[in-house]
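The values are calculated or read from the model by the stated rules, or taken from the named source; none is laboratory data. Quick caveat: nothing in here was measured; it's all calculated off a predicted structure. Methodologically, a virtual Cβ is constructed for each residue, glycine included, from the backbone with ideal geometry; neighbour enumeration extends over all protein chains shown. With ligands, DNA and RNA removed, areas are computed over all heavy atoms of the protein, side chains included. Shrake-Rupley method; radii C 1.70, N 1.55, O 1.52, S 1.80 Å.
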Amino acid sequence: MKKIANYQKELKSSILHLQRKELQKILKVQSEIIRAIHNFTALKGIINVPPLMLSPVTDPLSHSVYNANIEYAGNKFSLMKSMIFHKQLLMTNENIDSIYIVSPNVRLETKERKNTGKHLFEFTQIDFEFKNKDREFFLNFMEELIVFIFRSLNINVPKELLELRGSLLKIPGSFKRYTSGELKKKYGEDFEKIASEKAKEPFWIFDHKREFYDKEDMKNRGHYINYDIIWPEGFGEALSGGEREYEYKNIVRKMEENKNDKEQFKYYLKVARSGILKPSAGGGLGLERITRFVTKIKDIADITAFNRKPFSKIIF
């Protein structure tokens, strides 16, 4: 009887989560964010690529997650953590210079991320990649896109913004820029969280040591040409990206430094060794995270229709 009672409690909780009055407003705002991104990318002539959910290769990530692997028809697949390698491979097409993907990602986070308020084990990111472009191009592109999104929200869903966040969105100017080193020196190991809590507008953090595919600055070894957008008011990371390693020798060296399994990436390495990978820059904007910020909703799980908080009991 106790098990049945617990099940009924979980069922009731799931239905109440789905039937919340504010959910319609949240999803309307999120729909407008997606619409604005499609409109902006159409104006820029950027090609939309449908997402993949399974692949033998996916993002190794610089933090621990549980692996989600399946076998099908003699192939071993991982659930997609991000399409970083597929974006690079698309750039080998001489007629494709820029892409974006509304990309579902699965990252089975560990228990310590259950109550951060910003992690889901299943989420969507808007992935961008630009061939033969550098960090500066991408920074300007993203700042222009976020201004476009905010203006679209203010024009098209002002009532919902006022009801959810209490105000229309302030249109940001140029984002301030910091390095991880200077913020760490100022705030300590938890520099991103503290800097976010103190900020009033979105800002950039440069130079993170993480996955092998983020380009190292060969003129300043041990530093990396990558970047994150951080939302202010304690809402944390919005986007992560960087210029990409495309030269075989640098990819292999960094994989060895990071202790990545080269066998898992053997076909990607064959492509790199052939010399057809191109210089590119890109990044992924978290859809639920931007929705969380613009609605000022504290827990990202409350953005979702169906709860995907790590280590929650999931029945739908």
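Filter the cross-link list Lys133/Lys254; Lys44/Lys193; Lys131/Lys266; Lys28/Lys309; Lys193/Lys270 down to pairs whose alpha-carbon distance in this structure exceeds 29 Å. Write down the numbers at each step before the final one.
Values: Lys133/Lys254 22 Å; Lys44/Lys193 33 Å; Lys131/Lys266 23 Å; Lys28/Lys309 21 Å; Lys193/Lys270 39 Å.
Cα-Cα > 29 Å for Lys44/Lys193; Lys193/Lys270; rest within.
Per residue, how much accessible surface does segment 171-217 expose to a 1.4 Å probe? Answer in Å², no decimals.
Values: 2560 Å² over 47 residues.
Heavy-atom SASA per residue in segment 171-217 reads 55 Å².
What are the membrane-span-like helices in the chain by this rule: whole DSSP H runs, Cα extent along the axis at least 20 Å, mean Kyte-Doolittle hydropathy at least 0.5?
On the way: long enough: 2-18 (24 Å, -0.59); 23-44 (32 Å, 0.23); 135-156 (31 Å, 0.65).
Qualifying helices, which must be both long enough and hydrophobic enough, are 135-156.
For the chain, what is the calculated [θ] at 222 nm in deg cm²/dmol (nearest 500), taking -39500 (n - 2.57) for each run of four or more DSSP H residues and dividing by its residue count?
Details: 10 runs with 120 residues, N = 316.
Helix-only estimate at 222 nm: -12000 deg cm²/dmol.
Please give the direction-averaged projected area of the C-alpha convex hull for the chain, in square nanometres with one decimal. It would help to have the intermediate numbers written out before the result.
Details: hull surface 74.1 nm².
Projected area, direction-averaged: 18.5 nm².
Just to confirm the filter: which GluC sites (Glu not before Pro) across segment 247-300 are DSSP coil and have at most 13 other Cβ within 10 angstrom of their Cβ?
Details: sites: Glu247, Glu256, Glu257, Glu263, Glu288; in loops: Glu247, Glu263.
Sparse-neighbourhood loop GluC sites (Glu not before Pro): Glu263.
Which of these, Asn220, Asn39, Asn132, has the largest mean-square fluctuation under a Gaussian network model of the chain (Cα springs below 10 Å)?
In the Gaussian network model the winner is Asn220.
Give the accessible area for Arg253 in Å² (nearest 10); use a 1.4 Å probe, count only protein heavy atoms, and leave out ligands, DNA and RNA.
Counting only protein heavy atoms, the figure is 50 Å².
Most fluctuating residue of Ile70, Ile300, Ile34 in a GNM of the chain with Cα springs under 10 Å: which is it?
Comparing Ile70, Ile300, Ile34 in the GNM, the peak value goes to Ile70.
Quick check for you: with a 1.4 Å probe and neighbouring chains kept, what is the accessible area per residue of segment 36-97, in Å²? It would help to have the intermediate numbers written out before the result.
Details: 3430 Å² over 62 residues.
Accessible area per residue: 55 Å².
Could you list the GluC sites (Glu not before Pro) in segment 57-119 that lie in coil according to DSSP, counting only those with at most 11 other Cβ atoms within 10 Å of their Cβ?
On the way: sites: Glu71, Glu94, Glu109, Glu112; in loops: Glu94.
For GluC sites (Glu not before Pro) across segment 57-119 that sit outside H, G, I, E and B with at most 11 neighbouring Cβ atoms in 10 Å, the list reads Glu94.
List every residue whose amide H lies under 5 Å from the amide H of Thr110, counting only residues 5 or more places away in sequence or on a different chain, with H placed 1.01 Å from N in the peptide plane.
So Thr110 has HN proximity to Tyr66.
Could you work out the relative contact order of segment 120-227, using alpha carbon pairs under 8 angstrom and six or more residues apart, expressed as a whole percent? Walk me through the numbers before you get to the answer.
On the way: 85 pairs, mean separation 19.7, N = 108.
This gives 18 percent for segment 120-227.
Just the Cα atoms of segment 202-316, one point each, no solvent: what log10 I(q)/I(0) does Debye give at q = 0.10, 0.15, 0.17 Å⁻¹?
After summing over all Cα pairs, the log10 values are -0.44, -0.82, -0.91.
Over the Cα atoms, compute the radius of gyration (one decimal) and Dmax (the largest Cα-Cα distance, rounded to a whole number) for segment 132-288, in Å.
That works out to 18.3, 55 Å for Rg and Dmax.
Which of the lysines could be linked to Lys200 by a straight reach, that is with a Cα gap under 24 Å, when you skip same-chain ones fewer than 8 residues away?
Output for Lys200: Lys118, Lys159, Lys170, Lys176, Lys184, Lys185, Lys186, Lys296, Lys298.
What is the P(r) of segment 65-198, as percent of Cα-Cα pairs per 10 Å bin from 0?
In whole percents, the pair-distance histogram is 9, 21, 37, 26, 6, 0.
Hey, can you grab everything whose amide H is under 5 Å from the amide H of Asn105? Only 5+ residues off in sequence or another chain; H modelled, so Pro and N-termini drop out.
Long-range HN contacts for Asn105: Phe123, Thr124, Gln125.
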